[in-house]
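Have a look at the structure below before the remarks.
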Amino acid sequence: MSILDRLRGGRTAHDVDPLLVELQAALTPERVKMDSAQRSLLGKDASMFEGGVSGPICYPTSTDEVVAIAKIAERHGRAIVPRGAGTGLAGGAIPLGAPVVVAMTKMNAILEIDEENGIAWVEPGVINLDLTRHLTPRGFHYAPDPSSQQVCTIGGNVANNSGGPHCLAYGVTNPHIAALEVVTATGEVLLLGGLDAEPDGYDLRGVFVGSEGTLGITTKIAVRLTKNRPGVRTLLLSFATIRDAANTVSAVIAAGIVPAAMEVMDQKITRAVEHYVHAGYPIDAGAVLLAEVDGAEAGVDIDADRIRELGIANNATEVRLAADETERALLWKGRKTAFGAIAQIAPDYYLHDTVVPRSKLADVLDQIYEIADRHDVLVMNVLHAGDGNLHPLLIFDGREDGVMERIQAAGEEIITASLAAGGVLSGEHGIGVEKQPFMDQLFTSDDLDHQNRLRRAFDPTCRANPGKVLPMGHSCADIQQLRSVPTGVWG
Amino acid sequence: MTATLLSTDPVLAAFAEEVGESGPIAIVGGRTRWENGGALVDGTRTIAAPSGIVEYIAEEMIVKVRAGTSVAELHASLAERGQVTALPERGGTVGGAVAVGQNGVLRPMRGETRSAVLQVRYVSAEGKIVTGGGPTVKNVSGFDIPRLMTGSLGTLGCIAEVILRTNPMPAQTRWFASNDADPFAVHRSLLAPGPILFDGSTTTVMVFGHAPAVTEDVMMLRTLGTFTECEPPPDATGHRWSLSPRDLQTLDVAAVGAFVAEIGVGIVHASNPQPPTPLAPDVRVIHDRMKAEFDPPGRLNPGRVVGLR
Ligand SMILES: Cc1cc2nc3c(=O)[nH]c(=O)nc-3n(C[C@H](O)[C@H](O)[C@H](O)COP(=O)(O)OP(=O)(O)OC[C@H]3O[C@@H](n4cnc5c(N)ncnc54)[C@H](O)[C@@H]3O)c2cc1C
């Protein structure tokens with residue numbers, strides 16, 4: 001094989017794939033990748049899932065190019081899989097069955113800031129934190145702040161309806177999206193929603209958010225601007241037990257206070273974080289609660305004082321109010337680098353994501369510790385406690401024999417325990433391929449059938465990110481077949 | 001067994017029975033928005049949805065309520081625990097408010113109807129009870145059936161029961177009116193104002209929150225015009241226009257007639273109707289497919305079409 005052939009991905013010159021030729025003609029040769037390094041990289045995302053096989057990878061720079069890709073893929077009977085930064089944790093961006101991967105990272109312009117309408121038009125590849133940084137000098141920010149916000153894209157946030165610590169008061173992605181330009185799998189361009197107060201028709205914009213790339217590719221997004229709050233109070237409450245912390249969270253909500261954020265960290269993760277960034281967290285506490293209230297400068301102290309009282313009533317051993325912006329930033333740095341801190345302990349982690357009623361947090365956490373113990377797995381808990389969103393982190397060394405089976409078994413029990421407590425499968429990471437097998441524990445066969453009808457209305461030929469979200473038997477795709485790549489299909 | 005799986009409520013089962021598996025059918029709520037989406041085909045059987053609050057958990061800020069319950073009754077119960085939902089109070093039922101999907105003028109304070117529905121149970125065209133969404137305040141498990149049903153005018157399923165997000169009521173709400181203030185400046189200047197209503201001469205604005213924050217807002221208002229405290233304004237009536245917040249700055253007063261505009265939101269309550277703007281053809285195709293998927297025989301609310309405005 002010549003060097004040139006190797007560069008072509010190991011194929012010889014005479015079997016040039018017509019799909020590739022057409023894609024390269026529609027974009028440019030440089031923006032359609034076929035080399036095995038790229039295909040192997042984009043066969044994965046931040047989840048544990050293996051088995052993704054990517055076809056050609058396209059980097060469009062305009063809506064027209066996305067339309068062209070969709071139409072070419074359709075002609076060749078191939079699926080399309082949109083992709084942002086690849087930080088998804090449920091395997092949503094993993095290509096199944098060698099589809100055309102549409103990487104949106106080059107469509108990353110902030111197109112227009114329209115203060116009068118309270119929105120900004122952005123391309124989907126814009127990085128979440130870049131948008132907020134861009135808006136801050138004008139007195140605004142983009143409210144949803146996933147912990148991955150330094151790298152994840154707004155398009156990925158829309159697809160996963162992502163949340164973050166500050167989504168307790170402000171809501172997750174969906175209410176922050178006014179309108180979407182979407183390219184369907186057959187290449188139609190739709191404008192969903194609008195800038196008017198109550199766009200007419202079914203709420204297809206609302207339906208598209210959280211659809212994990214299975215209804216089409218969003219190419220332009222009108223996000224709502226949130227005014228920056230002049231008054232902010234950040235409290236760190238320490239407790240002897242995580243149960244006391246969880247009870248405080250319930251008490252705060254019951255008192256009619258909806259703080260901007262309420263995050264709980266257990267002892268193990270608090271110690272790991274403190275060791276890593278020296279944020280001033282108490283390492284002897286059983287758990288800490290990071291609570292933040294914001295609003296007008298006049299008035300924030302009322303809620304902050306009330307949270308302090310409720311903490312003390314629930315056995316807080318220490319309540320600290322961040323004295324200034326530096327201390328506040330440090331406290332948040334601790335929370336936001338939790339995942340980085342883990343890397344100091346073991347090379348691998350599996351981050352779970354379930355939601356339970358807030359009042360069940362303490363009980364379910366007890367069960368999680370028991371489950372982890374029984375499977376001989378190290379677990380640390382960091383949770384968006386304010387909305388009952390659990391994030392148990394299972395920490396391990398993948399090189400250890402049999403560890404994956406234990407991680408898997410413990411994870412399944414955690415999911416089952418959350419459902420049994422009246423919870424749901426995911427608060428913000430989505431279903432992807434990770435939680436597909438559990439969907440029929442949450443929904444009946446008729447429920448799943450109706451979800452598939454919704455999906456089919458957008459994508460009757462089942463070519464947008466097939467094999468995700470809906471489980472075998474309810475999916476429009478033959479999942480089994482997608483997972484066994486037919487011989488001869490290379491890309 | 002999880003909370004979301006099949007309902008075992010005999011009341012819902014009886015409702016499913018009543019909806020049945022064939023023949024044109026529509027659910028009647030309070031008839032306050034009965035004309036939305038066009039007239040019902042003659043001979044359509046009309047029934048009421050079951051009513052009653054099934055479960056209210058104030059600490060979780062959720063309430064499970066049957067669709068036939070009046071919004072007034074629901075809100076009266078929630079008020080006992082200092083809470084409320086985003087649903088507009090216009091004399092209708094919970095199911096009606098969800099099916100119509102519109103917002104009340106208090107939207108800037110209470111949020112949008114479409115974001116308030118956490119779970120929906122409906123009877124399908126095939127007569128089956130279907131559940132979408134879930135009982136928790138945060139949930140991305142599967143496709144967003146609650147948002148699809150909100151604003152669907154009952155054309156995709158007969159809404160039987162919903163779980164709604166509740167909000168705490170603020171410590172204070174106060175209304176102020178001015179004849180010399182620029183309503184757009186009010187919207188720009190306040191951090192998080194309640195409704196700002198403008199009828200061409202008078203700006204009426206609500207400020208809410210803890211007393212010190214309200215006082216600060218009132219001081220800000222006084223720098224923008226001569227504001228005097230007033231009673232909450234009466235319910236806005238007339239035709240409903242949906243515009244963008246910016247459109248209000250160039251509102252064609254001759255076209256709308258007498259009006260009350262929701263500044264910062266874009267709704268205009270006007271004496272004249274908004275000229276219809278058809279959906280874009282490609283978007284209409286998705287609507288038609290959605291209807292065909294959820295209601296293959298076309299028996300749900302026949303005659304009503306969503307997206308006709
Ligand atoms: C360390 C870490 C911390 C995290 N913290 C959080 C958190 O706090 N909250 C949270 O919600 N998530 C969190 N996540 C998960 C992840 O970052 C989010 O789901 C994020 O929104 C994914 O964005 P992405 O650009 O990486 O998308 P990808 O992973 O590339 O894709 C995710 C899904 O979006 C689809 N998609 C991407 N772009 C488009 C588009 N333009 N149109 C249609 N579909 C598209 C893909 O097909 C896929 O299904 C975390 C992940 C990591 C690794």
> Counting only residues that are at the interface with chain A (Cβ under 8 Å from one of its Cβ atoms) and either out of contact with any Pro (no Cβ under 9 Å at 6 or more places or on another chain) or part of a loop (DSSP other than H, G, I, E, B) (or both), how many does region B:121-155 have?
Replying inline: 22
> From the list B:Ala97, B:Ala49, which one is in contact with a Cys (Cβ under 8 Å, 6 or more places away or on another chain), more than 12 Å from chain A (Cβ to nearest Cβ), at pLDDT 95 or above and surrounded by 19 or more Cβ atoms within 10 Å (Cβ to Cβ)?
Replying inline: B:Ala49
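Taking the condition within 14 Å of the ligand (Cβ to nearest atom) and within 21 Å of A:Pro82 (Cβ to Cβ), does A:Thr186 pass?
Details: within 14 Å of the ligand (Cβ to nearest atom): no; within 21 Å of A:Pro82 (Cβ to Cβ): yes.
Spelling it out, it is not the case that A:Thr186 is within 14 Å of the ligand (Cβ to nearest atom) and within 21 Å of A:Pro82 (Cβ to Cβ).
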>> For region B:241-266, give me each residue that is touching a Lys or Arg at 6+ places or on another chain (Cβ under 9 Å) and assigned to a strand (DSSP E or B).
In response: B:Ser242, B:Glu262
>> So A:Asp200 passes all but one of these: (1) within 11 Å of another protein chain (Cβ to nearest Cβ); (2) of a type outside the set (A, V, I, L, M); (3) crowded, with 24+ Cβ neighbours inside 10 Å. Which condition number does it fail?
In response: (3)
> Of the residues in region A:161-178, how many are more than 8 Å from chain B (Cβ to nearest Cβ) and among the hydrophobic types (A, V, I, L, M, F, W, C)?
Replying inline: 4
> Only one of (1) buried (at least 24 other Cβ atoms within 10 Å of the Cβ); (2) away from the ligand (no atom under 12 Å from the Cβ) is not met by A:Pro124, so which one is it?
Replying inline: (2)
> Given the structure, is A:Leu168 at pLDDT 95 or above and either touching an Asp or Glu at 6+ places or on another chain (Cβ under 8 Å) or within 11 Å of the ligand (Cβ to nearest atom) (or both)?
Replying inline: no
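Could you tell me whether any residue of region B:65-79 is of a type in the set (D, E, K, R) and modelled with pLDDT under 95?
Within region B:65-79, the first condition is being of a type in the set (D, E, K, R), and the residues that meet it are B:66, B:73.
Next, only the ones that are modelled with pLDDT under 95 stay: none.
Looking through region B:65-79, none of the residues is of a type in the set (D, E, K, R) and modelled with pLDDT under 95.
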> Any idea which of (1) at pLDDT 95 or above; (2) within 11 Å of chain A (Cβ to nearest Cβ); (3) not in a strand (DSSP E or B) is the one B:Leu118 doesn't satisfy?
Replying inline: (3)
> Does B:Glu21 count as without any contact (Cβ under 8 Å) to a residue 40 or more places away in the chain and either surrounded by fewer than 16 Cβ atoms within 10 Å (Cβ to Cβ) or not in a loop (DSSP other than H, G, I, E, B) (or both)?
Replying inline: no
>> Suppose the filter is within 13 Å of the ligand (Cβ to nearest atom) and among the acidic types (Asp, Glu); does A:Asp114 pass it?
In response: no
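Return yes when B:Ala72 is part of a loop (DSSP other than H, G, I, E, B), in the same structural domain as B:Gly23 (by TED's automatic domain parsing) and in contact with an Asp or Glu (Cβ under 9 Å, 6 or more places away or on another chain) and no when it is not.
So B:Ala72 fails the test.
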> Does region B:156-171 hold any residues that are at the interface with chain A (Cβ under 8 Å from one of its Cβ atoms) and under 22 Å from A:Asn389 (Cβ atoms), and which are they?
Replying inline: B:Asn167, B:Pro168
> Looking at (1) of a type outside the set (Phe, Trp, Tyr); (2) part of a helix (DSSP H, G or I); (3) surrounded by fewer than 20 Cβ atoms within 10 Å (Cβ to Cβ); (4) more than 14 Å from every other protein chain (Cβ to nearest Cβ), which is the only condition B:Glu59 fails?
Replying inline: (4)
>> Among the residues of region B:275-298, are any in contact (Cβ under 8 Å) with a residue 24 or more places away in the chain, in contact with a strand residue (DSSP E or B) (Cβ under 7 Å, 6 or more places away or on another chain) and not in a helix (DSSP H, G or I)?
In response: no
> Counting only residues that are touching a Lys or Arg at 6+ places or on another chain (Cβ under 6 Å) and over 18 Å from B:Ile57 (Cβ atoms), which one in region A:214-261 is surrounded by the most Cβ atoms within 10 Å (Cβ to Cβ)?
Replying inline: A:Thr214
> How many residues are over 16 Å from B:Leu191 (Cβ atoms) and within 14 Å of chain B (Cβ to nearest Cβ) when one looks only at region A:259-300?
Replying inline: 4
> Would you pick out the residues in region A:314-363 that are crowded, with 16+ Cβ neighbours inside 10 Å, within 16 Å of the ligand (Cβ to nearest atom) and assigned to a loop (DSSP other than H, G, I, E, B)?
Replying inline: A:Thr337, A:Ile345, A:His352, A:Asp353
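So that you can scan it fast, the table gives a plain yes or no per residue for (1) at the interface with chain A (Cβ under 8 Å from one of its Cβ atoms); (2) under 30 Å from B:Ile27 (Cα atoms):
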| residue | (1), (2) |
| --- | --- |
| B:Pro212 | yes, no |
| B:Gly238 | no, yes |
| B:Val253 | no, no |
| B:Gly264 | yes, no |
| B:Thr277 | yes, yes |
| B:Val285 | yes, yes |
| B:Gly307 | yes, yes |
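Go through A:Ile217, A:Ile242 for me and flag whichever is under 30 Å from A:Cys462 (Cβ atoms) and more than 14 Å from every other protein chain (Cβ to nearest Cβ). Talk me through it step by step, then tell me what you get.
Numbers: A:Ile242 fails: under 30 Å from A:Cys462 (Cβ atoms).
Exactly one of A:Ile217, A:Ile242 is under 30 Å from A:Cys462 (Cβ atoms) and more than 14 Å from every other protein chain (Cβ to nearest Cβ), namely A:Ile217.
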>> Name the single residue that is nearest to the other protein chains (Cβ to nearest Cβ) among those in region A:97-110 being at pLDDT 95 or above and either near the ligand (Cβ under 6 Å from one of its atoms) or touching a Leu at 6+ places or on another chain (Cβ under 6 Å) (or both).
In response: A:Met104
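Does B:Ala258 fit the bill of being more than 13 Å from chain A (Cβ to nearest Cβ) and in contact with an Asp or Glu (Cβ under 8 Å, 6 or more places away or on another chain)? Can you show your working first?
Working: more than 13 Å from chain A (Cβ to nearest Cβ): yes; in contact with an Asp or Glu (Cβ under 8 Å, 6 or more places away or on another chain): yes.
Yes; evaluated as a whole, the condition is true for this residue.
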> Could you count how many residues in region A:63-96 are surrounded by fewer than 20 Cβ atoms within 10 Å (Cβ to Cβ) and within 13 Å of the ligand (Cβ to nearest atom)?
Replying inline: 1
> Filtering region A:415-472 down to residues that are of a type in the set (Ser, Thr, Tyr) and either part of a helix (DSSP H, G or I) or within 7 Å of another protein chain (Cβ to nearest Cβ) (or both), which residue is surrounded by the most Cβ atoms within 10 Å (Cβ to Cβ)?
Replying inline: A:Ser426
> In region A:141-160, which residues are more than 14 Å from chain B (Cβ to nearest Cβ), within 7 Å of the ligand (Cβ to nearest atom) and surrounded by 24 or more Cβ atoms within 10 Å (Cβ to Cβ)?
Replying inline: A:Thr153, A:Gly155
> Name the pairs: first residue in region A:342-366 and facing chain B (nearest Cβ under 9 Å), second residue assigned to a loop (DSSP other than H, G, I, E, B) and among the β-branched types (Val, Ile, Thr), Cβ to Cβ under 6 Å, at least 6 apart or on different chains?
Replying inline: A:Val355/B:Thr136
> A:Gly386: within 16 Å of the ligand (Cβ to nearest atom), more than 7 Å from chain B (Cβ to nearest Cβ), in contact (Cβ under 8 Å) with a residue 60 or more places away in the chain and farther than 30 Å from A:His76 by Cβ, yes or no?
Replying inline: yes
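The values are calculated or read from the model by the stated rules, or taken from the named source; none is laboratory data. Just so you know, these numbers come straight off a predicted model, no measurement behind them. Because the Cβ atoms are built from the backbone with ideal geometry, glycine has one as well, and the counts that use them run over all protein chains shown.
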